[in-house]
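Below is one structure, written out as structure tokens, with a few remarks after it.
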Amino acid sequence: MSSSSRKVPPLPEVVLTEAEGRARVAKATRRSFLAAAAAAGGLAMGWRWLTASPMEDGIRAPLRSMLRFNERIARASFSRKRLTPTFPRESALTPRANGKAGLEDEEFNPATWRLVVEGLSGGRQSLGIAELQSLPKTEMVAEFKCIEGWSTVVQWGGVRFADFATRFPPTTPSGKPFDLADRPDDVPPHVSIETPGGGYYVGLDSDSALHPQTLLAWEMNGEPLSEEHGAPLRLVIPVKYGIKSIKRIGRIAWQDQRPRDYWAERGYDWYAGL
Amino acid sequence: MPEIGAAVPPVTERTMRIERKHPLAIRWFHWVNFPLLATMVASGLLIYWANDVYRVGIGGFTLFHFFPDWVYQVLRLPQRLAEGMAWHFAFMWFFALNGLAYVTYTVISGEWRYLVPSRDSWQEALQVVLHDLGIRKAPLPRRKFNAAQQITYSAIILMGAMSLLSGLAIYRPVQLSWLTTLLGGYPAARFGHFWLTMGYFAFLLLHLVQVVRAGWNNFRSMVAGVEVVDGPEETKP
């Protein structure tokens, strides 16, 4: 049963008298178990430190710091050119209608709905659905990924957020005209999007908002959006978990400071990038 | 007193042969990995709870659902998704770094030669299993790791690597979509990530049983490094 064709060296060993050997083993045992006990003590202290740290938006502050660290890496390596895979139209299914936050208003009337846009070079704008639907329409069949873990392939129709921004350009940090082709990074750093009553709100980094697969959608699987899926207009942002794909958009604001975010205030990662 | 590893003069009285079995670095990697992997598994279960779709069954028949309600209640898993994700995405770094350090050390030091199975290992591993089940009576050869250990320990390292890769594939499925696609897509990568974790539970069970069976001398070598191979405290394989 001798096996290997490989040459395996014997383990280093020593032959001692029984008394010496016992002393040697006892010493090694004593030292290493003391080290192990010290390590276990350090571990217990680390655990107590972490689990007793102050909370920061629903999770322990050191964990929040780690999420920000991960975000810095994700943002530094983010590319608008890397796309989420797309699928044939016939693989599209209806996603679960998770999340009622911001949709509670029973008086809401899609017919009189207006979208308010702020932070634009032309000042504040109020738009109706017809104005949005007159913008170039993009269709996309992509996997919608919920932060819970499930995913569903869905067909979406709407306007690319980048095309929307080109038609209704924000003021830029440099003061020059907004131009995605020539100055893709000369944009306000953040976008805040809220439901009409402000019951649900998401914060986005502009890089993700201007990703070519980020849509302002009014159509799902070839049908107009249903109310539970966000009629009349919702965001679809495949570079983020579904929590960022806010339904029933009432207000979009370009801004410098990091916008508040509904789920980030409840323990989740603000960035939530994929 | 001669140093371990030095040539030893013949001795006339009763002797004791002591092997330096596990290098200090490997002992640290092993024991540091234990709480790290435990943290990854525990936080992973907090995440899995939010969409617990996996089961063993055929068609509409479910033999076992991962997990029954009592498991969630006993382990206090429900409603902790955000907490689970925060822990998971913090400790993933330490788990990955410790694993990479271990693999790097094992390759550079030459310790891999004791670990990686060879062509004959499957045949020998069968003999080990027969021996451990009490079917084969002849003693096993004295080596750092027998073939069954080589296969199991190498597999667990590969599983760790696969956990990192499948984890990355579901952590950044857009920015790393090539990796996600390579692993069969997002749901497949998540499926694999889950079953690797179940594999760790199976490994832990087997490992604990075998460590208890092997006895104190063997266990101590994973802490103190030394194992008595011939003398009063020898292990009887």
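Of note:
- If you go through the range A:74-103 and keep only what is away from chain B (no Cβ under 12 Å), assigned to a loop (DSSP other than H, G, I, E, B) and out of contact with any strand residue (DSSP E or B) (no Cβ under 6 Å at 6 or more places or on another chain), you end up with A:Pro88, A:Thr94, A:Ala97, A:Gly99, A:Lys100, A:Ala101, A:Gly102, A:Leu103.
- Output for the range B:139-172, where each listed residue is hydrophobic (A, V, I, L, M, F, W, C) and over 30 Å from A:Arg80 (Cα atoms): B:Leu140, B:Phe145, B:Ala147, B:Ala148, B:Ile151, B:Ala155, B:Ile156, B:Ile157, B:Leu158, B:Met159
- Residues of the range B:49-69 satisfying the condition of being part of a loop (DSSP other than H, G, I, E, B) and within 21 Å of B:Gly84 (Cα to Cα): B:Asp52, B:Val53, B:Tyr54, B:Phe66, B:Phe67, B:Pro68
- Any hit, the range A:111-127, residues being modelled with pLDDT of 90 or more, in a helix (DSSP H, G or I) and surrounded by 10 or more Cβ atoms within 10 Å (Cβ to Cβ): no
- Residue check for A:Ala39: part of a helix (DSSP H, G or I), more than 30 Å from B:Pro117 (Cβ to Cβ) and at pLDDT 95 or above: yes
- Members of the range A:160-176 that are among the polar types (S, T, N, Q) and in contact (Cβ under 8 Å) with a residue 40 or more places away in the chain: A:Thr171, A:Thr172
- Exclusive hit being within 16 Å of A:Ala162 (Cα to Cα) and buried (at least 21 other Cβ atoms within 10 Å of the Cβ), set A:Ser192, A:Ser208: A:Ser208
- Selection count where residues are exposed (fewer than 15 other Cβ atoms within 10 Å of the Cβ) and not hydrophobic (A, V, I, L, M, F, W, C), scope the range A:81-95: 6
- Some residue of the range A:171-185 being over 16 Å from A:Glu118 (Cα atoms) and among the polar types (S, T, N, Q): yes
- Residue that is modelled with the highest pLDDT, among those in the range B:102-118 that are among the hydrophobic types (A, V, I, L, M, F, W, C) and under 16 Å from the mean Cα position of the chain (by Cα): B:Val103
- One residue alone among A:Glu131, A:Glu107 is part of a loop (DSSP other than H, G, I, E, B), among the acidic types (Asp, Glu) and more than 14 Å from chain B (Cβ to nearest Cβ), and that residue is A:Glu107.
- Those helices (runs of 4 or more DSSP H) lying entirely in the range B:70-183 with at least 1 residues free of Cβ contacts under 8 Å to residues at least 24 places away in the same chain and either more than 12 Å from chain A (Cβ to nearest Cβ) or over 30 Å from A:Ser77 (Cβ atoms) (or both): B:81-109, B:112-115, B:121-132, B:147-171
- Highlighted here are the strands (runs of 3 or more DSSP E) found entirely within the range A:146-223 that include at least 1 residues which are farther than 30 Å from B:Gly44 by Cα and in the same structural domain as A:Asp105 (by TED's automatic domain parsing): A:151-160, A:190-194, A:215-220.
- Meets criteria (part of a helix (DSSP H, G or I) and touching a residue at least 24 places away in the same chain (Cβ under 8 Å)) for A:Glu20: no
- A:Pro62 passes every criterion in (1) assigned by TED's automatic domain parsing to the domain that holds A:Ile246; (2) surrounded by fewer than 13 Cβ atoms within 10 Å (Cβ to Cβ); (3) closer than 29 Å to B:Met92 by Cα apart from (2).
- Extreme residue, nearest to the other protein chains (Cβ to nearest Cβ), among residues of the range A:242-266 that are surrounded by 22 or more Cβ atoms within 10 Å (Cβ to Cβ) and farther than 23 Å from A:Pro110 by Cβ: A:Trp263
The values are calculated or read from the model by the stated rules, or taken from the named source; none is laboratory data. As the structure is a prediction and not an experimental result, all values here were calculated from the model. So basically every Cβ, Gly included, is an ideal-geometry build from the backbone, and we count neighbours across all protein chains shown.
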